[in-house]
Amino acid sequence: MAALTRDTSGIAQLRQQAQPQQAPAEPEFKGRTLESYKRMFTRAEEACTKARTLAHRDRDWFDNFDDSQWSDKEKGVLEKRGQPPSTSNRLRKKVRFLRGLEQRQRSDPKAYPRKPNDEKSASVITDVLDYVEQQTRFDHTASESFKDLVIEGIEACEVIVEGGETAINLLQYDGFFYDPRSKKTDFSDAKYLGYQDWFDEDEAIEMAIAMGMSEEDAKAAVEASFEDGVGDEGYDDKPGHMWGDQDRKRVRIACMYWKDGKGVWNYVYFTGGAVIKEGVSVYLDDQKSDEFPNGRPTCAIIAASVYLTRKNERYGALRDDISPQSEINYTKTNTVFNMKNRRMWQRAKGILPADASEVVARADGILTANGEYGKDWGFIDSQAEIANNFQFLQISTMEIEGHGPNAGLMGRGTEDQSGKAIALQQNAGMAEENDIFDIHNDWKLRVYRAMWYRTKQFKTSEWYVRVTEDNEAPRFVGLNTPKPKPQIGPDGQPVLNEKGEPVPMMGPDGKPIPEIDPATGQPIIENSVAELDADIILTLAPDSITLQHEEFTELADMAKAGVPIPPDVLILASQIRDKQKLVERMKEEGGAQAKLQQAMQQIEQMQQAMQAMTKQLQQAQQEAQQAAMQKPLTPVDMAKVDESRAKTQHIQAQTAQIGKELMAPPEMPEP
């Protein structure tokens, strides 16, 4: 399969997809006729004509290029007045604000084990998804897609494989088409999804040849497309909807995924003159069965919409702000016109000159009237009308800010409130926008799962993923790697290195010798992507800097007030970089301090024991001297004296040894 794309040089090219090394037998493909495919496309176009026209209006109002919020007729009226169009584009402000929230609330995928022994597999899948997300720059793609969801109401992308790597093909709203009978926001009930684009004649022929058509058939298909179809203005490409434009030498090519009666997804590339390529989708999901042991063929397009009407017309969150924006434009323009131009009255024709209004509007104008002011002519009081216009302007502004970037949501006007109070106010203001974020997060989750399915299906050779959780110590995760055979020591146990890992046995080529599975006779593969399995979810990570700072401040105030807060708790609650390392260092030093304190206690106890033994020795010696003056010492008395002297010397030796150990410099860890 391939993606219809256009590179930066403007040359259309076909991106061939990598195929699995051991692809299973494809299901039997039963294609349809070209006319059937064209009818499906036309049906989607005709059913969505009104919705697409309004979506283009919403996009034009958002862009406001050349004052697009004013029609040509309205611009003509303003030009006659000598008044330029005045537009306060709050629609752009709202979209930018919502995109900013989406970027701040970005979430990362995480895999969770399905079985108790799958913790390692889940960790590996999480690392793989993090790698694919960075390689595809999906965060940026998701933000661009979210913009389409807000304005036009639909976001879509194609998760494919290019050059052996997973790729994300963002689908523009103008090129995306779908089954008009679909009623679900995730298009899960759609029978077909697709996208189309225009290509120059030479580019279209090259693409058809790259897909397997002969040069003669490719030229015939392009020529037939020039003669096929004239349509309405539904699609925003400038020959309108037709399959070929003879004057500009351009051809429309469509890529469509469609589901057959058995629920198997197929693909087709076609133009107005011929089917270029078709077949069963090469992309598989995780729904395994006897018929599909490796997974069921699935649609590579993942789409979502936020709002639907009863007629299945889809629209975005910007639609509700079109009327308030129009009221703001009209009210503001009329108010300025009434303030600048004073309306006048005259009792009879000829009292005021024909250019009286223009003369009065000028700052240096001098009006000559044939009559008495207040009796024959005068000014119409417009202050009440101007005041009413200001009130209408305020009402419209409040309405559009009610579901847009108001001061509370942006954290303005809350200088005297705590961080927790600001967060609560912002959460309350975002309650009305929860639908669009919920739809977008579900769409991202389905894209992440498709990323894993593509990786699991097409990544069959040995490769490594660089994990950048810690910039100072990046690590690499090996996938589909042979397990090295460990070295065996004299005791019959594997030899371990300093990290406690088995030392691999090296071959003559300097590479590790793989360990062989005795049951199969094949090398044992570690982290086999095809065998890894886990549940993938999104871990929501909203911006919590304000709440974290407030919690740290409260803990610091409690510590100052005398509450015994452990130092490691304060560090973990702070926003210090690498705080986990600081806590570990503190624990190590805390352990050393505890050992020192214990040794000091032992010395003190020994000193007390030595003093007691010394006292006993001195007492025994005095008693021996007194007894010797009266009568000679017996052997029993001499033994008691020697025993007391030996105990005293032993205690002195232990005390000296402990003191020597305390005075010795600490051992430095190896780098």
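A few comments on the model shown:
- Whichever residue in segment 481-494 is in a loop (DSSP other than H, G, I, E, B) and at pLDDT 80 or above and, among such residues, is least open to solvent (accessible area, probe 1.4 Å): GLY489
- Exclusive hit being outside any helix (DSSP H, G or I), of a type in the set (D, E, K, R) and either modelled with pLDDT of 60 or more or touching an Asp or Glu at 6+ places or on another chain (Cβ under 7 Å) (or both), set ARG454, ARG446, ARG466, ARG412: ARG466
- Cross-chain or 6+ apart pairs with Cβ under 9 Å, segment 553-566 first and on the phi < 0 side of the Ramachandran plot and of a type in the set (Ser, Thr, Tyr), then surrounded by 13 or more Cβ atoms within 10 Å (Cβ to Cβ) and modelled with pLDDT under 80: THR553/GLY419
- Looking only at residues in segment 553-574 that are open to solvent by less than 80 Å² (accessible area, probe 1.4 Å) and part of a loop (DSSP other than H, G, I, E, B), the one that is modelled with the lowest pLDDT is SER574.
- Among the residues of segment 327-365, those identified as touching a residue at least 12 places away in the same chain (Cβ under 8 Å) and open to solvent by less than 30 Å² (accessible area, probe 1.4 Å) are ILE328, ASN329, THR331, THR333, THR335, ASN338, ILE351, LEU352, ALA356.
- Filter result for ASP286 (of a type in the set (D, E, K, R), out of contact with any strand residue (DSSP E or B) (no Cβ under 9 Å at 6 or more places or on another chain) and open to solvent by less than 10 Å² (accessible area, probe 1.4 Å)): no
- Those residues of segment 509-519 which are farther than 14 Å from LYS483 by Cα and either open to solvent by 60 Å² or more (accessible area, probe 1.4 Å) or basic (Lys, Arg) (or both), in sequence order: ASP509, ALA519
- Residues of segment 495-508 that are within 24 Å of LYS120 (Cα to Cα) and open to solvent by 60 Å² or more (accessible area, probe 1.4 Å): LEU496, ASN497, GLU498, LYS499, GLU501, PRO502.
- Candidate set from segment 126-174 (those that are of a type in the set (D, E, K, R) and touching a Lys or Arg at 6+ places or on another chain (Cβ under 7 Å)); member that is least open to solvent (accessible area, probe 1.4 Å): GLU152
- When segment 98-120 is filtered for residues that are crowded, with 16+ Cβ neighbours inside 10 Å and farther than 24 Å from TYR131 by Cβ, the ones remaining, listed by number, are LEU98, LEU101.
- The criterion of being out of contact with any helix residue (DSSP H, G or I) (no Cβ under 7 Å at 6 or more places or on another chain) and open to solvent by less than 50 Å² (accessible area, probe 1.4 Å) does not hold for ASP200.
- Given (1) part of a helix (DSSP H, G or I); (2) of a type outside the set (A, V, I, L, M); (3) open to solvent by less than 30 Å² (accessible area, probe 1.4 Å), number of the condition ARG92 does not satisfy: (3)
- Of everything in segment 46-58 that is touching a helix residue (DSSP H, G or I) at 6+ places or on another chain (Cβ under 9 Å) and surrounded by fewer than 18 Cβ atoms within 10 Å (Cβ to Cβ), the residue that is nearest to LEU193 (Cα to Cα) is LEU54.
- Selection within segment 469-480 - open to solvent by 50 Å² or more (accessible area, probe 1.4 Å) and either touching a Phe, Trp or Tyr at 6+ places or on another chain (Cβ under 6 Å) or at pLDDT 80 or above (or both): PHE476
The values are calculated or read from the model by the stated rules, or taken from the named source; none is laboratory data. Keep in mind that what you see is a predicted model, and the values were worked out from it rather than measured. Here Cβ is always computed from backbone atoms with ideal geometry, including for glycine, and neighbour counts include all displayed protein chains. SASA here: full protein model, heavy atoms, side chains in, ligands and nucleic acids out. Shrake-Rupley method; radii C 1.70, N 1.55, O 1.52, S 1.80 Å.
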